[in-house]
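In what follows, a single structure is set out as structure tokens and then discussed.
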Amino acid sequence: MGKTLDIAIAGAGPAGLAAALYLKRAGHKVRVFERFEQPAPVGSGLILQPTGLTILDDLGLLSAILPLGSRIERLYGADAATGRTVLDVRYSALRGGRFGLAVHRAALFGVLYRAALGEGIAVETGAELETIDNSSEKARLVAVGGKAFGGFDLVVDATGSRSKLKQYAQNSREPRPLPYGAFWASLGWRGEGFDEHALLQRYRRASVMIGVLPIGRAQAGGAPMAAFFWSLKPDDANRMRTAGLGAWKERVTGLWPECAPYVEQIKDFDQLTLARYGHHTLATPAGRRLAVIGDASHSTSPQLGQGANMALLDARALAHAVETTGDVETALSAYVRMRRLHIRFFQALSFAFTPFYQSDSRTLPFIRDRLVATVAKIPPAPQFLAAMVSGTLVDPFGPIGLREVDWNERATAET
């Protein structure tokens, strides 16, 4: 697209900042709007898969994020009562030297935000956008309180699953709440008995899941950290608080004694953040002068760990669509088409797999522990699981004009 566009990006999370970088570098006028007075990350840790890492490499930011994260080679889960292996996914089951990178959300945010500021991208804070006014030649954004901004040739909604702007997309819908969420905490890393290159989990049927994920450092020079999580129904959170912190700690360590060095760091329930999950996929994540990316477009349980990675892929897809088409309307259609198959496939996988690990069912965890765990050892199941976790079971790169990083070649270059 030869024309310089005026573009508004709502939301300064990974999706919004990545989109801002791509579009600004393509020569467009970009303005980011953030509802908080000071842009900041929300949440604890996440795993950047080969998909998300490839996007960061394309943005020239991979070398900045790698030293902050913890290289993940394996996802392992066991039954808390019997010790039976329930989940064992290894990236090495696939050729190519793939791996995950577990990071604190603050580390990912910091890398992207510093890059955006370095590009001179304007960030308007304290602007909680509520509506889009498309009554004139360009779109105007209206914030809570009535302040208006604009006009813009294109609005990018990256405000997350509770977005108010996605209502302007075609066939918009709200997330369907999932029955289980989780308490999360960022704690100091305690390595004894824990693999610094693995996500480790323990299960009690499908109603309890405890996890420890090494997430590197929130910033350069910081202390190594771990993301600790405990699954539960959000409606049960108050009951847990009423029972008391001591009772909860006793239950955690009763199921997984090695977790004691982590729960000992939790002195108050205020250290735990309650995450609620919902599932939705917009059939058409676009509307008039509007592109919807990231969790505003598609959200689900974090069971497959694809959220931030899908958001980064969305940002690249939108920028590629704008670059390779002749007008905004055509670009939006192209963006939707580029991401449709990958998004729907992984959303369906996540929806299907989540009840095996977070539900009230007794049958599904029985099948998971006896049948699935056995079948998962037989080729090509290990390769299938590794590709699923990597986010590459359906190729996300070709439609958006990219090739995955050659991880073996990169590793050789760094040694």
| query | How big is the charge dipole of the range 274-335 about its Cα centre, in debye rounded to the nearest 20, if each Lys and Arg gets +1 on its Cβ and each Asp and Glu gets -1 on its Cβ? | reply | 200
| said: Only four residue types carry charge here, +1 at the Cβ of Lys and Arg and -1 at the Cβ of Asp and Glu. Report the dipole size of the chain about the Cα centre in Debye, rounded to the nearest 20. | reply: 760
| field | Antiparallel content of DSSP bridges confined to the chain, in %, to 5 | value | 70
| task | Report the dimensions of the chain along its three principal axes from the alpha-carbon atoms, largest first, rounded to Å. | result | 64, 50, 44
| List the trypsin sites (Lys or Arg not before Pro) in the range 209-260 that DSSP assigns to loop (not H, G, I, E or B) and whose Cβ has at most 11 other Cβ atoms within 10 Å. Which are they? | none
| query | Taking all pairs of different Cα atoms in the range 13-150, averaging 1/r and flipping that mean, what Kirkwood radius in angstroms comes out? | reply | 17.7
| Relative contact order (percent, whole number), the range 267-415, Cα cutoff 8 Å, 6+ residue spacing | 22
| request: Place a +1 charge on the Cβ of each Lys and Arg in the range 157-278 and a -1 charge on the Cβ of each Asp and Glu, then give the dipole magnitude about the Cα centre in debye, rounded to the nearest 20. | output: 540
| message | Given the DSSP H assignment, sum -39500 (n - 2.57) over each helix run of at least 4 residues in the chain and divide by its residue total; what's the result at 222 nm in deg cm²/dmol, nearest 500? | response | -9500 deg cm²/dmol
| Got a sec? Charge dipole of the chain, +1 on Cβ for Lys and Arg, -1 for Asp and Glu; which of Leu21, Leu213, Val155 is way out at the positive end? | Leu213
| message | Within 10 Å of each candidate Cβ there may be at most 11 other Cβ atoms; applying that plus a DSSP loop requirement, which trypsin sites (Lys or Arg not before Pro) in the range 1-105 survive? | response | Lys3, Arg95
| query | Can you flag which of Lys29/Lys164; Lys3/Lys164; Lys3/Lys147; Lys249/Lys377; Lys3/Lys138 are past 26 Å Cα-Cα? | reply | Lys3/Lys164; Lys3/Lys147; Lys249/Lys377
| field | Rounded if a/c under 1.5, otherwise prolate or oblate - the range 155-223, Cα gyration tensor axes | value | oblate
| query | Once the dipole of the chain is set up with Lys and Arg at +1 and Asp and Glu at -1 on Cβ about the Cα centre, which of Thr273, Leu117, Leu232 lies farthest towards its positive end? | reply | Leu232
| request: Please report, in Å, the Rg and the Dmax of the range 286-415, where both are computed over Cα atoms only. | output: 17.8, 54
| request: Would you mind getting the Kirkwood hydrodynamic radius of the range 124-262 from its Cα pairs, rounded to one decimal in Å? | output: 19.0
| task | Counting only C-alpha contacts under 8 Å and six or more residues apart, can you give the relative contact order of the range 97-219 as a whole percent? | result | 27
| note | At the level of C-alpha centres, the distance separating the range 140-219 and the range 304-372, in angstrom, is 14
| request: Report the relative contact order of the chain, percent, no decimals, based on alpha-carbon pairs under 8 angstrom and at least 6 residues apart. | output: 23
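Each reported figure results from applying straightforward, stated rules to the coordinates on display, with no laboratory input. In this text, all values refer to a predicted model and were calculated from it rather than measured experimentally. Glycine gets a Cβ as well: all are built from the backbone with ideal geometry, and neighbour counts include every protein chain shown.
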